[in-house]
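J.: One structure, as structure tokens, below. Some questions next.
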């Protein structure tokens, strides 16, 4: 039994409980300890899972594939636990509590936000940690209900509208995914017996004997269902609303982690579908969803005026890239996909954290209102712009390397049409991102005197992006050999070809 | 004559009637004009599913299904409607005006998707151990009608009830193809539903407090 799995299982939920029950300073410290503790635990876990899977308490397991997604989530959990300190302090600097009642209200808001973030992180860590399709579905459903409350956290009309659309669309999608899961049980029960509990390994081991029509149907329903949460076109409509209206620490986790965790769920069904049906059908399904999502996002990014919606559409773009990479199916492209999960988590996390600082300073999410940002917020804006550059796949950041792997893998497999579509659409998105970055950084305000009092709201707002940028540089310039081992093992588990 | 299909058993007949009633309850929700009626129809549909699970447990000698029937009844027939009623607080509220289509069009659309679901599922050639495969076809019809319900009724309660009835449709499909699924997983699914219901209830209440209405027609601030 791996004690590390138990620590990951218990740590964040204990932190959530402590945040809800103890004074704010203690909750804040506990959150940071839990965030960085989870990251450290996951890194330690990776040293084992790059060689073999580990299990605990019958229902927990981690292999190389799940560890990649655990790393992405734990990294953002750690960064967000720090960032939230600055986010809340910045908010308190804007307004001086004028009564004890207001102060008490703010105190309760802060405690609840910390508790919610820890609970959300726990649910996202659970999804890659559980061993079985049914438990995976339950974990993803828990991420939905927790994050829906967090999206509505600010209680504004817009936040309530976003939360309602999110919970309704995502839950309907998960209903379809549940049907897919039940069909997988039906397929497995014919071979493994009625007491089969939907664990991954037995189904994979007997995949060749499963009824092909049932697996094909179950896989398609699972992709459509979980794809709702990934943000695949045409079931992505909740995503820009939820990501733009949630408090920034929550947006960061939604965009960098939650979408990837949902994609992980798709990959687990993909594993079985490839083993039963052969690679052609599952790869074609992901390729189709990927290209459609990338096309929608590329053109939506160009025309966005709301900074957080702009980043949300960029997330749809990157989820499309992941699906296309899996559609290519070669070992190199699959390694690229897994590297992309990590690099996107770091880059998108940084972008949202930077956007949060800009929104806080300018008091608006409108891109048209933000100008001269580097002079006004030298740290936050510079890091934000570097994150945007990273998202465009500019070297030397991790996304450059991961997209290079994906495209090389596609070319080596002869997917020329797919590669051309990928490159063309990524170039369109690059145009949108670069245009926005240039306007934000270099266009000056009409009245330079109207930003008295501007400045970095809190150093806690730019310290986490510095750490995220370091991770992006490591992933792009020289990923550690042990990490590459983990990615190659993960790709092998996904059945990535040569 | 040698390849003639055996006549349906009494159990098949009872199961068929219950499944048709489940579908009719879904059509009832499509047209319900009062909030409390919507919730009662959902409770009735859930009760029918619990009865079906109980009948299957008796006829096919699967004792785990008794436990599932009792739990499902306790949660879906009593706890879920009570939770929503408590959070919403206005059970006699009228929601008749929330339909974007007329009653006739709605019914025709419901019938169309019922037919599509029924015949599509027939083409899958999936046969359950405990219930006739017609039940699977009708469960897909119920699922599609629940989507129609969520789309054509523009009030938060109908949309939430549509989602819960979608879960009922999946439960029905599960009774056909996965009735012997380990009880622990079934219980986990049910408690998960309960948590989702609480979240839905909170959001419905927030929506109602902020907008002074159950309608979702004014949720138009977020576009693009």
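J.: Might you check whether a residue that is farther than 15 Å from residue A:439 by Cα, outside any helix (DSSP H, G or I) and touching a strand residue (DSSP E or B) at 6+ places or on another chain (Cβ under 9 Å) occurs anywhere in segment A:400-411? Spell out the reasoning first.
T.: If we filter segment A:400-411 for residues that are farther than 15 Å from residue A:439 by Cα, which is where we start, we get A:400-411.
Add one more test, that the residue is outside any helix (DSSP H, G or I), and what stays is none.
Checked segment A:400-411: no residue is farther than 15 Å from residue A:439 by Cα, outside any helix (DSSP H, G or I) and touching a strand residue (DSSP E or B) at 6+ places or on another chain (Cβ under 9 Å).
J.: Residues to consider are A:55, A:105; find the one that is in a strand (DSSP E or B), surrounded by fewer than 20 Cβ atoms within 10 Å (Cβ to Cβ) and not assigned by TED's automatic domain parsing to the domain that holds residue A:259. Break it down into steps so the answer makes sense when it comes.
T.: Numbers: A:105 fails: in a strand (DSSP E or B).
Result: A:55 is the single residue among A:55, A:105 that is in a strand (DSSP E or B), surrounded by fewer than 20 Cβ atoms within 10 Å (Cβ to Cβ) and not assigned by TED's automatic domain parsing to the domain that holds residue A:259.
J.: Which residue, of A:43, A:65, A:5, is closer than 28 Å to residue A:334 by Cβ, in a helix (DSSP H, G or I) and touching a strand residue (DSSP E or B) at 6+ places or on another chain (Cβ under 6 Å)?
T.: Details: A:43 fails: touching a strand residue (DSSP E or B) at 6+ places or on another chain (Cβ under 6 Å); A:65 fails: touching a strand residue (DSSP E or B) at 6+ places or on another chain (Cβ under 6 Å).
Going through A:43, A:65, A:5 in turn, the sole match is A:5.
J.: Mind checking which residues of segment B:139-155 are facing chain A (nearest Cβ under 8 Å) and crowded, with 22+ Cβ neighbours inside 10 Å? Lay out the reasoning, then the answer.
T.: So in segment B:139-155, the residues facing chain A (nearest Cβ under 8 Å) come out as B:143, B:147, B:150.
Correct list: B:143 only.
J.: Then there's this: Given the conditions (1) under 30 Å from residue A:369 (Cβ atoms); (2) assigned to a helix (DSSP H, G or I); (3) at pLDDT below 95, report the number of the one that residue A:417 does not fulfil.
T.: Just one mismatch for residue A:417, condition (1).
J.: Quick one: which of A:298, A:284, A:312, A:292 is out of contact with any helix residue (DSSP H, G or I) (no Cβ under 6 Å at 6 or more places or on another chain), touching a residue at least 12 places away in the same chain (Cβ under 8 Å) and farther than 25 Å from residue A:493 by Cα?
T.: On the way: A:298 fails: out of contact with any helix residue (DSSP H, G or I) (no Cβ under 6 Å at 6 or more places or on another chain); A:284 fails: farther than 25 Å from residue A:493 by Cα; A:312 fails: out of contact with any helix residue (DSSP H, G or I) (no Cβ under 6 Å at 6 or more places or on another chain).
Sole residue among the options that is out of contact with any helix residue (DSSP H, G or I) (no Cβ under 6 Å at 6 or more places or on another chain), touching a residue at least 12 places away in the same chain (Cβ under 8 Å) and farther than 25 Å from residue A:493 by Cα: A:292.
J.: Residue B:111 fails exactly one of the following numbered conditions: (1) under 30 Å from residue A:211 (Cα atoms); (2) free of Cβ contacts under 8 Å to residues at least 40 places away in the same chain; (3) in a helix (DSSP H, G or I). What is the number of that condition?
T.: (1)
J.: Looking at this structure, is residue B:205 more than 7 Å from every other protein chain (Cβ to nearest Cβ), surrounded by fewer than 23 Cβ atoms within 10 Å (Cβ to Cβ) and free of Cβ contacts under 8 Å to residues at least 12 places away in the same chain?
T.: Values: more than 7 Å from every other protein chain (Cβ to nearest Cβ): yes; surrounded by fewer than 23 Cβ atoms within 10 Å (Cβ to Cβ): yes; free of Cβ contacts under 8 Å to residues at least 12 places away in the same chain: no.
No; evaluated as a whole, the condition is false for this residue.
J.: Is it the case that residue A:323 is within 14 Å of chain B (Cβ to nearest Cβ) and under 18 Å from the mean Cα position of the chain (by Cα)?
T.: On the way: within 14 Å of chain B (Cβ to nearest Cβ): no; under 18 Å from the mean Cα position of the chain (by Cα): yes.
It is false that residue A:323 is within 14 Å of chain B (Cβ to nearest Cβ) and under 18 Å from the mean Cα position of the chain (by Cα).
J.: Then there's this: Test residue B:158 against the criterion of being buried (at least 21 other Cβ atoms within 10 Å of the Cβ), without any contact (Cβ under 8 Å) to a residue 24 or more places away in the chain and either more than 9 Å from every other protein chain (Cβ to nearest Cβ) or assigned to a helix (DSSP H, G or I) (or both), and give yes or no. Full working, then the answer.
T.: Details: buried (at least 21 other Cβ atoms within 10 Å of the Cβ): yes; without any contact (Cβ under 8 Å) to a residue 24 or more places away in the chain: no; either more than 9 Å from every other protein chain (Cβ to nearest Cβ) or assigned to a helix (DSSP H, G or I) (or both): yes.
Spelling it out, it is not the case that residue B:158 is buried (at least 21 other Cβ atoms within 10 Å of the Cβ), without any contact (Cβ under 8 Å) to a residue 24 or more places away in the chain and either more than 9 Å from every other protein chain (Cβ to nearest Cβ) or assigned to a helix (DSSP H, G or I) (or both).
J.: On the given criteria, is residue B:169 within 9 Å of chain A (Cβ to nearest Cβ) and surrounded by fewer than 22 Cβ atoms within 10 Å (Cβ to Cβ)? Steps first, answer last, please.
T.: Numbers: within 9 Å of chain A (Cβ to nearest Cβ): yes; surrounded by fewer than 22 Cβ atoms within 10 Å (Cβ to Cβ): no.
No; evaluated as a whole, the condition is false for this residue.
J.: Checking the condition within 30 Å of residue A:188 (Cβ to Cβ) and free of Cβ contacts under 8 Å to residues at least 24 places away in the same chain, which residue from A:134, A:139, A:127, A:103 passes? Quick ask: steps written out before the conclusion?
T.: Values: A:134 fails: free of Cβ contacts under 8 Å to residues at least 24 places away in the same chain; A:127 fails: free of Cβ contacts under 8 Å to residues at least 24 places away in the same chain; A:103 fails: within 30 Å of residue A:188 (Cβ to Cβ).
Criteria check complete, one pass: A:139.
J.: Could you list, in sequence order, the residues of segment A:195-246 that are more than 10 Å from chain B (Cβ to nearest Cβ), more than 26 Å from residue A:352 (Cα to Cα) and in a loop (DSSP other than H, G, I, E, B)?
T.: Hits for segment A:195-246 are A:199, A:206, A:210.
J.: Now a separate question. What's the number of the only condition in (1) at the interface with chain A (Cβ under 9 Å from one of its Cβ atoms); (2) at pLDDT 85 or above that residue B:216 fails to meet?
T.: (2)
J.: Among the listed residues A:220, A:143, A:156, A:160, which satisfies the condition of being surrounded by fewer than 20 Cβ atoms within 10 Å (Cβ to Cβ) and closer than 30 Å to residue A:110 by Cα?
T.: On the way: A:220 fails: closer than 30 Å to residue A:110 by Cα; A:143 fails: surrounded by fewer than 20 Cβ atoms within 10 Å (Cβ to Cβ); A:160 fails: surrounded by fewer than 20 Cβ atoms within 10 Å (Cβ to Cβ).
Result of the check over A:220, A:143, A:156, A:160: A:156.
J.: Please go through segment B:178-195 and give me each residue that is farther than 17 Å from residue A:218 by Cβ, within 7 Å of another protein chain (Cβ to nearest Cβ) and assigned to a helix (DSSP H, G or I), ordered by number.
T.: B:188, B:192, B:195
J.: Taking the residues in segment A:150-164 that are within 7 Å of chain B (Cβ to nearest Cβ) and in a helix (DSSP H, G or I) as candidates, determine which candidate is farthest from residue A:238 (Cα to Cα).
T.: Looking at residues that are within 7 Å of chain B (Cβ to nearest Cβ) and in a helix (DSSP H, G or I), I get A:157.
J.: Does residue A:188 fit the bill of being assigned to a helix (DSSP H, G or I) and closer than 23 Å to residue A:287 by Cα? Reasoning before the result, please.
T.: On the way: assigned to a helix (DSSP H, G or I): yes; closer than 23 Å to residue A:287 by Cα: no.
It is false that residue A:188 is assigned to a helix (DSSP H, G or I) and closer than 23 Å to residue A:287 by Cα.
J.: Now for a different question. Would it be correct to say that residue B:70 is in contact (Cβ under 8 Å) with a residue 40 or more places away in the chain, assigned to a helix (DSSP H, G or I) and touching a helix residue (DSSP H, G or I) at 6+ places or on another chain (Cβ under 8 Å)? Step through it out loud before you land on a result.
T.: On the way: in contact (Cβ under 8 Å) with a residue 40 or more places away in the chain: no; assigned to a helix (DSSP H, G or I): yes; touching a helix residue (DSSP H, G or I) at 6+ places or on another chain (Cβ under 8 Å): yes.
When the stated conditions are applied, residue B:70 does not pass them.
J.: Next up: Filter segment B:119-138 down to residues that are assigned to a helix (DSSP H, G or I) and surrounded by fewer than 18 Cβ atoms within 10 Å (Cβ to Cβ), then give me how many there are. Talk me through it step by step, then tell me what you get.
T.: Within segment B:119-138, the subset assigned to a helix (DSSP H, G or I) is B:119-122, B:133-138.
Next, only the ones that are surrounded by fewer than 18 Cβ atoms within 10 Å (Cβ to Cβ) stay: B:119-120, B:122, B:133.
The total comes to 4.
The values are calculated or read from the model by the stated rules, or taken from the named source; none is laboratory data. This structure is a prediction, so every number in the text was calculated from the model and none was measured. Heads up, the Cβs are rebuilt from the backbone with ideal geometry, glycines too, and the neighbour counts pull from every protein chain shown.
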